[in-house]
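Report on the following structure.
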Amino acid sequence: MTFLDRDDSIAARALGATGRAFAVLSLCGIAALCGSPPASAGGQCGQQVTRLTTYGFEHNAVDDALLEIDCITGRLKVSNLGSSGCDGYSINLGDSDGYEIELEEILAPASTQDGAITTFTRDFGGNASTVMINEDIGNQLEVRTSFPGFNVTSKTLRVYEVTTTGEVILKEEVTGHTGAWDFRFDDPMDPTPRLSGYGGSGGTGGCRPRLHCGGTSGGCRPIFVNGGGGGAVDGNLIEVVAENFTPAQGPTTLTVQAGNGISELVVTDTALLQFPALPHRVIDNAIFEPPTSNSKLKVSNLGSSGCDGVSIDLGESDTFEMNIQEINDGNGLPTGGYTETQVYGTVAGVPDQLLTTSRITDTGTELELSVTGAATYTVKVLSAGQEVFSGGHQTGMPSARVSDSNPCKSEQHFVLPNLDGLGFPFLGTDNYLTVWRWDSPTLIEAPDGSMIQGDELHVIPDGAAAPDTLTRFEMRGADVNSIEIGGEKSFLCRGGNVNWSAGEVAEDVLWVNGSTGSSGTREVCVEVRERIEVALHSAPEGPSQAKYFLCAWIGGPQSPTNLTVQSSVVGCFVNPIPLTGGAPQPFRCLRGGLPNAVCRQVREISAPPTAPFSASKANGLANPLTITLQAFLEDAGASHPIGYSVTNAVVLKIQ
């Protein structure tokens, strides 16, 4: 059972479930325990207490419940649950973007499980988002959601099919729902259910509980949607979107309660959603301090072992940026202390491969910056965006040295080749690179002994296989009490940036045959002469009649290109467009409400005047072909002041 409080793509959240697992998202992450089972605050493992710290959070028992860490698995057990439904536990989320929680199982004896209830409530100080699971309504599970205090008058209910490759297919949608219950399906108590949920405290994108049943068979199939077409829907992911949602600000608390036949909850994972709604999990004995703002996160209780830290799930990203606000409560690294980061990615289709390890060590007078993972590296130094040093095929360690007088406020970036992301000036790089950036110029010593004044250091592996995407980032510290993160950015060009200002994550609005494609690749496969339907939806924040243009390229994504307007980046296209120049250009273009220039010198297809719309070709195409689609859309939730965003891309493969 996974409870998630984040706002990223459906595909990224849905992967990894197997069997008949059942999931509900309340407001938004996923990781694994590292090291031995923790000896938690409030009691050692095996002891039943009312307060303890695990998964990086302080957990407090609610009413008569008792908390215990299993000495073998390290998992949290919540027991002594009575019949009232009030017993459980709570954690302080602070002013964070959200949370994710996974429950291994709900133990409800068959003779007493009728009417058993589990509730998940995120309290914003009077306003709340609640997901209630009634464990048995005539041999069915019933899912109800409510949003007291948020002025929600109706909901949108959706059912998706998530395939084993991560492709997400919309199966049914019901808008304007006001009924008492949302979904029902056959009781999947055996095997164990998995719940998850997501949503943010500061965004205006609304609150969206989700339930993932997992697998490609069994689980919660069939799903009955209240107000649907009358029949069951064959899907494995459900979503509730609160309409007319008024966002709340400030610290929040998550409370999980169960009863009326449920004897025990087993928590297998908890993650914090932050920057923007990226799942963060502690490693070993680290602790999250409840954020005082959704733009900061302090990770503390880092010991001397070098094992304690934070793991960040990047999903499928092209770039990742971390801004280090403070180290050691502003005192910087102590002599001999270090921070170490590791970046993982998908290489040649194989996920979660270690790409590079970088370390910053304080020697007492200077900081040594080291990168490992390839035989040789090219080291570059930039000053105010201009390259002032380049040394190829460096083998010495460390990669560079800098004075330790400027150690704290720095940024670290990881960028894939031929992509500058949003605001990353690295277009044309032959391989992925590690970048350190300082607020002010500092004296940098290159491996060959050269001393250069600069504010950026680039370390590029020579000859290493470039990854397809970045998937995970980990940071650990040794002899460092705490690390305060002042910001992060993860970006996937194929994911677009619709609704970034409102929801801080990209919303999928371009669909082909009801699908946004598999996770990462965004590929949708159809047979020759199979029906093709392309749908461009409006952005979540509107407008309801949006201006747009849509491009179609022959082949897959080849040359990610930023569209820059008024000296700032609007978004990233997977291939060049007429407004940017470059190749390959689209072979077809559709536009509505925008001038001819957006499709300049590209053959136009007659198109609807505004989005949303759908267009179909009943008999598909007669020959195998790959076509990539991506659009530019008017968006009230856009991050750029012109009020437009770049949509997700879909790669249509006709086989």
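The values are calculated or read from the model by the stated rules, or taken from the named source; none is laboratory data. Because the structure is predicted, anything quoted here is derived from the model rather than measured. We place every Cβ from the backbone using ideal geometry, glycine too, and count neighbours over all the protein chains shown. To get the accessible areas, we keep the full protein, side chains included, count just its heavy atoms, and leave off ligands, DNA and RNA. Shrake-Rupley method; radii C 1.70, N 1.55, O 1.52, S 1.80 Å.
Observations
- Taking the average, over residues, of other Cβ atoms within 10 Å as the packing measure, peptides 461-472, 170-181 rank 461-472, 170-181 from highest down.
- Length-normalised contact order for the range 236-392 - Cα pairs under 8 Å, 6+ apart - percent: 10 percent
- Taking 0.36 nm per residue of separation and subtracting the Cα-Cα distance, full extension of the segment from S84 to T292 would add 71.5 nm.
- FRET efficiency estimate (nearest 0.05) - Cβ-Cβ, A374 to T335, R0 30 angstrom: 0.55
- The slack in the chain from Q601 to R531, taken as 0.36 nm per residue of separation less the alpha-carbon distance, amounts to 22.3 nm.
- Label positions at D234 and A622, each projected 7 Å from the Cα along the C-beta direction, are separated by 3.2 nm.
- Computed from backbone phi with θ = phi - 60° and the Karplus coefficients 6.51, -1.76 and 1.60, the 3J(HN,Hα) list for the range 550-555 is 10, 10, 10, 10, 6, x Hz; x is used for glycine and proline.
- Rolling a 1.4 angstrom probe over the range 268-351 with all protein chains present gives an accessible area of which 45% lies on carbon and sulfur atoms.
- Simple label model, 7 Å out from Cα along Cβ direction - N481 to A384, nm: 3.9 nm
- Amide H to amide H distances under 5 Å link A286 with G309, where only residues 5 or more positions off or on other chains count and H is placed in the peptide plane.
- The amide H of F491, built 1.01 Å from its N in the peptide plane, has D318, T319 as neighbours under 5 Å, considering only residues 5 or more places off or on other chains.
- Over the range 332-403, relative contact order from alpha-carbon pairs under 8 Å, at least 6 apart, %: 25 percent
- Packing, taken as the mean count of other beta carbons within 10 Å per residue, orders the peptides 588-597, 320-329 from highest to lowest as 320-329, 588-597.
- Average accessible surface for the range 287-382: 36 Å² per residue, computed with a 1.4 Å probe over protein heavy atoms with every protein chain in place.
- Fraction of accessible area attributable to carbon and sulfur, the range 533-655 (%, probe 1.4 Å): 49 percent
- Ligands, DNA and RNA are left out, and with a 1.4 angstrom probe the accessible area of the range 546-655 is 41 Å² per residue.
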